Amino acid sequence: MSDPSADADILSPPSERVDIPATSSTLALAADVVFSEKKEAEERAAGLLDSRPSGASSEDRRSSTQPSQSALSEAMLAHVPKHSSSTGGLVLDLNLGYEGTVQRKSDARFFAKFRDRFLSLRGSILYMYDAEGAPAHEACIQVDNRIQVVGPTSHKSGFFAFTVSGPAPATGDTGTTGNFTWKLRTAGSASGEKWLKALSVVGAVVTPPEYAASDEERADYKKRLEEYSSMVQDGTVHGHVIPPLRTDGPAVSTAHDEVDVAHGTSVSGDSTGKLTYKVQVFTGNFGQYKIHTSFADLGRHEPASPKDDEDIFITLHGAQGVGLKKVRFPKTKKSFHEGQEDTFKLDGDVVGELYGLTLEKSKPGHTWYVDRIVVSAEDSANVMHKWVFPVYSWIDMIKYVLEGSARLPQQLTVAAERNERSAALEHKRKAYRVHKETEAGIPPRVDSGYADLPINEQWPKDKGVDFQHDRNTLVGNTLLSKVSTMMNKWDTFDDFDKLFVKIPLPSVKKTWHTDEQFGKNRTQMSSVANLRAVPVDGTLPELFGVTDADVEGQLPAGATLASEAAARRLFYLEFPYLADLPTQEGRYSCSPFCLLRVRAESDSALIPLAIQLHRRPRDDSTNPIFTAADPGPDWLLAKSVVNHADMWQFQMNSHLLYTHLGMEAVVVVTHRRLSEAHPIFKLLKPFTKYHLGINSVGRLGLLGSGGLIEQVASFTVNGFIAIIARGYDEWTFADAAPPKMLADRGFDDPDVRAAIPDYYYANDSLELWKIVREYVQDIVKLYYSSDKDVADDTELQSWAAELHESYEHTKDGRPRFPASFATIDEVVETVAIFCFAVSVQHGVLNFAQYDTFGYIPNSPGSLMSPVPGHDETPVEKGKMSKLEDIMAWMPNKSISAFQVGNHYLLAQYTDADQFLGTFGEQVFVESTALGAQKRFKDACDAFEEKVKARGAWDHSLPSKIPMSTAI
Ligand SMILES: [Fe+2]
C-alpha cells in the first residue's frame, strides 16, 4: 500500500465534498457524498479504494486490487430494489474525465423514450446494481457532473443504490453486462483522475412527482423519499438528505457543472482545422415557479422556452478566432422546452480555448430562460475539452456569455477576450444606472422604476410581489370581509380578532399586555436590533431622567441602578430618529425612552422598569417617568407608546435602511463594474437576487404616497422618510458588520451577552457572521493570492470607487464606502458585510415581523390620541380605570387591517427564495469554488442543528434565511 499522502491530490479532502442539490422537484431527494480523511483511511485499508498513486497509468489502475463484494455494505444491498433489468436501462452522460455510455443493446430508442424522465444527480464513482442486487457491470465510472438515470418502466421512481468500487476504466474499455453494453472514453486529462475521490455513494433518485401518472404513483414517490430519509437518518446508508425547503419551489439547477479549465492548453483539430462541438443547452424550468401566498396566488405559468417559430443562433469565441459563427441550432418543436437539455453537434473551426459565446434569438418580445450551456469537443489527439457557460438569464434577443471559470481582469491574456469583457461591461452600465438621492438624504438607488429594470431583475411575469395587488386582495377580500365600517374604532381588544379571518392570529394575543412579552419583543421577536446595553458606569441618554427613586421596590434589596448597571443587567431603548416628526391628522407620535432589567434573581426575563414618553428633559408634570407601580392602565399605555416607536425604528431603519435601501447601490454597481466572469460578481450574485425588484416595488407600494406605510403609520410620508434620512446621515457601510452593530449597542462585551441569555440574536449574529465571512474569504482567497492582486484588479477598484462616490459622506463628513481596496482582508470584510446584511440580518429581522407587529395591541402602528404630555400638556396619571380605556390610542379598523396585512405580506417567503448556503444557480464552475460553497453549506447545516437542538429563537435557522433580500 502506498503512502496515503501520495493520493492527496486525487482524494478529495472533506473540503471538496460534492454537493448533490435537490432536483427541480423539491420532492426529489439526493444523496450526498460524505466522507472524511479518517473514513478514507479506513476504506483504503479495507481495500475499497485503489491505493496506487495518482500517477499510475490506467493500465496500472485496472490491474490494481479489485474491491471485494463483501466490502460493500450489505445494508446498501438490502435496499436495492429488485427489478428486471430487461425492462430497465441506464444512461450515463459523463463529461469530465471519462465519458461513458451504457446502452441497451436491443433497443436504442428506449433511451429516447425515457429521456424526459431523466433525473440529475451529482456524484462520484458510481456502481450500479442489476435486478438481483449484483453489480450491473464491472467498471466503476467517474461521474463528475451529471448522471442521468432511466429507471425501469416498472419502477419510475427509480430507486437505485450506488457505491464505489473498482479501478477507473480506461479509454476504449468495452464490456457487456446483462442486456447492456458499455464503452468508455476518456479524456486523459488530469481532472479525470478524480474518480478516486469518493468512497461511497448511496443515492436514492426519485422521479419528480410531475411525472407521476396517478395519485398512487405520487404516493409511491413520497414513500420512497421517506424510506431513504429514514435510511440516512438511522445511519443505514452513508448519505445526506437535502430536505425539500418548499414543496412547490423554483427550478433549481441540478447538474452543477464542475470543470477546471486549463487555459492555454492547445486544442488540436484535424488536418482541415475543423472540430465538432457538442453543445448542450439547458433551458430553465419555471413551470413549478410560482409566487403565491396563502392569500393570493399570483402564479401564472410563463413558458421559459423560445417560440417554436423562431431561430436560435450561437457563436463561439475562441482564443484564436470564431469557432462557430452565428450557427443556427437545428432545433425542432421539441427543442428548448422548460427544464430540458438539448444537445447539438455542430461542426466548426478550431480556435483554441473558448472564452465566450453569443446566443441570439430571431424574434424579440418573447423571452427564453437559459440556465447554462456546456460545449465540449474531442480533438484530434483524443483529448476531450469542455467549457461551461453559466447563463442564468432571460434572453430577449441577444446575450453574450463569458466562459464560466472566474478570472480577474489582469489574468486575461487574450486581447479579444479583454475587449469583449470590457464591451459586455459597457453594455451593462447602460442598463444599470445609479441614481443618487442627495436631496432626500437617503441611499443611492437604481435609476429606474420596476418596469424599466433589466429583465433579470424582475420576477417572471406575474410572479412577483405586487404590493398594490396583494394589499387589495388581502385587505379587501379577506381581512375586512367581516369589518363593515373601516374608519370606526374598535370597541374592545377582542375585536382585533376579527382581522384574522383567514390568516393566523399571532401568539402574542395571549401575552401582549405582560411585562414579560414587552421584554420578549426585544429579545425574541423582530425588535432585536433596537435593544441597547446600559454601560457599566450606568450612563443613560442625557434626556432620560430616571432615578433610583422611580424604580424603588422593583430592584432586589440593596440594589441600585448603578449597581445593576455595574452587574450588566440594565438595558434601554431610545429612538432619536423619531423625535419631532410630522404626523398625519388625528395621529400622534413621540420619541420615548425605556429602561429594562434582566430579572436575574428568577427567570432571566427582560422586564421594563421605567418609561419616559418624550425626548426632552424629564418633568414630573409634563414628562414624568412611568413604571409598573403606576395606577390602572397607565403603565400599559406607556409600553404601547414604546412599542409604537420601536416598530417604526425597526421598519424604517433596522429593516428598510440597513438591509434593503442601504445595500441597493452595491447591487447596481456590481453589475456596472464587475464582469460576470469576475469572482466577486459570481460571489455576490446569489445575494443580489430580486433585491432591485423588491426595492423598486417597495418604493412605490410601501414608501410612496398612498402606499402601505402611509396607510399604517402615524407619520406623513415626509415623516417616515425622515426616519430613514436621519439614520442614513450617520450610517457607513462598515457599520453593518455585526461586531460593529453589536458594539454600537453595547453588546460587544461577552459578559453583557451572557447576562441576557434569552437574547440569542447577539451570539447567533456573531456565529453566522463568522460563517458568512469565512465563506467570502474562502472564495476571495481562491482568486487573490496577494494584496498586489487586489491592487491590480481594475474592475474591483472601479467598483469601490463608484460605490464610494455614490454613497457620498455622512453628515459629519466620513466616507460611507472605501474609495479603494489595498488588501485582501479589506475586500473580504466589505463583501462579507453586504452578504451578511442582505441574507442573515434581513432574514432574521424580516420574517419575525408578523409575530411581532401583526397583533395591533402588541405594536400599534398609529397612535390615535395625543400621547400623555403631548405639546407639554400636564400628565394626569390614574384617570383611566380599565384596560379598554387605552383603546382610544389604538388604530382604527382601516389602519389595523392594513397593518396586519402589511406585516403578513412582508413576512412571507416567496418561492424564489434560496436559503443560506444553498446555490440554485451555479455561476462558479471550478471545483475549488464549489468546495468552498460546500463548506459554507456544511457550516450552515451544523449551525442549523445547533439552533434546533436548543429549541429557542429559530429565526436564525439558515433554512429560514433567504440568501437575498427579496421581500
Ligand atoms: Fe424585507
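Bear in mind these aren't lab numbers, they're just calculated from the coordinates by the rules spelled out. If you're wondering where the values come from, they're calculated on a predicted model, not measured in any experiment. Ideal geometry is used to build each Cβ from the backbone, glycine not excepted, and the neighbour counts take in all protein chains shown.
The Stokes-Einstein estimate for region 729-790, based on a Kirkwood radius over Cα pairs and taken at 20 °C with 1.002 mPa s viscosity, is a diffusion coefficient of 158 µm²/s. The calculated pair-distance distribution of region 659-797 uses every alpha carbon pair, bins of 10 angstrom beginning at 0, and gives 9, 26, 32, 25, 7, 0 percent. Across region 347-444, how large is the tail of the calculated P(r) beyond 24 Å, expressed as a percent of all Cα pairs? Roughly 39 percent, once rounded to a whole number. Among the trypsin sites (Lys or Arg not before Pro) in region 867-922, those located in a DSSP loop and surrounded by at most 16 other Cβ atoms within 10 Å of their own Cβ are 877, 879, 882. Starting from the amide H of residue 385, placed 1.01 Å from N in the peptide plane, find each other amide H under 5 Å away whose residue is 5 or more places distant or on another chain. Placed amide hydrogens put 377, 378, 379 under 5 Å from residue 385.
Hey, what did region 303-392 get for relative contact order, percent, Cα under 8 Å, at least 6 apart?
That works out to 32 percent.
Tally Lys/Arg at +1 and Asp/Glu at -1 over every other residue whose Cβ is under 11 Å from the Cβ of residue 800; what's the total? Net local charge, residue 800 excluded: -4. Per-residue 3J(HN,Hα) values for region 833-846, derived from phi via the Karplus relation 6.51 cos²θ - 1.76 cosθ + 1.60 with θ = phi - 60°, read 4, 4, 4, 5, 4, 7, 9, 5, 4, 5, x, 4, 7, 5 Hz in sequence order (x marks Gly and Pro).
Distance check, please: which entries in 399/436; 430/811; 510/882 exceed 22 angstrom between their Cα atoms? Checking Cα-Cα distances, 399/436; 430/811 exceed 22 Å.
Between residue 439 and residue 382, full extension at 0.36 nm per residue minus the direct alpha carbon distance yields a gain of 14.1 nm. For region 766-788 versus region 643-681, the spacing of their alpha-carbon centroids is 20 Å.
Annotation for region 856-906 versus region 343-408: alpha-carbon center distance of 60 Å. Evaluated with a Cβ-only charge set (Lys, Arg +1; Asp, Glu -1), region 622-762 carries a dipole of roughly 780 debye about its Cα centre, given to the nearest 20.
Sparsely packed loop sites in region 860-967 (the GluC sites (Glu not before Pro) outside DSSP H, G, I, E and B with at most 11 other Cβ atoms within 10 Å) comprise 876. Using only Cα atoms, locate the centre of region 541-619 and the centre of region 939-967, then give the distance between them in Å, rounded to an integer. If we compute the Cα centre of each part, the gap is 32 Å. Need one number: the % of Cα-Cα pairs in region 838-960 sitting beyond the 20 Å mark. In whole percent, the long-distance tail amounts to 63. Considering only alpha-carbon pairs that sit under 8 angstrom and 6 or more positions apart, the relative contact order computed for region 732-804 is 17 percent. What is region 556-669 by shape, rounded, prolate or oblate, if you read a ≥ b ≥ c off the alpha carbon gyration tensor as root eigenvalues and call it rounded for a/c under 1.5, prolate for a/b larger than b/c, and oblate otherwise? In terms of gyration-tensor shape, oblate.
Classified by the C-alpha gyration tensor, region 336-389 has a prolate form. Its axis ratio a/c, with a ≥ b ≥ c, is 1.5 or above, and a/b is larger than b/c.
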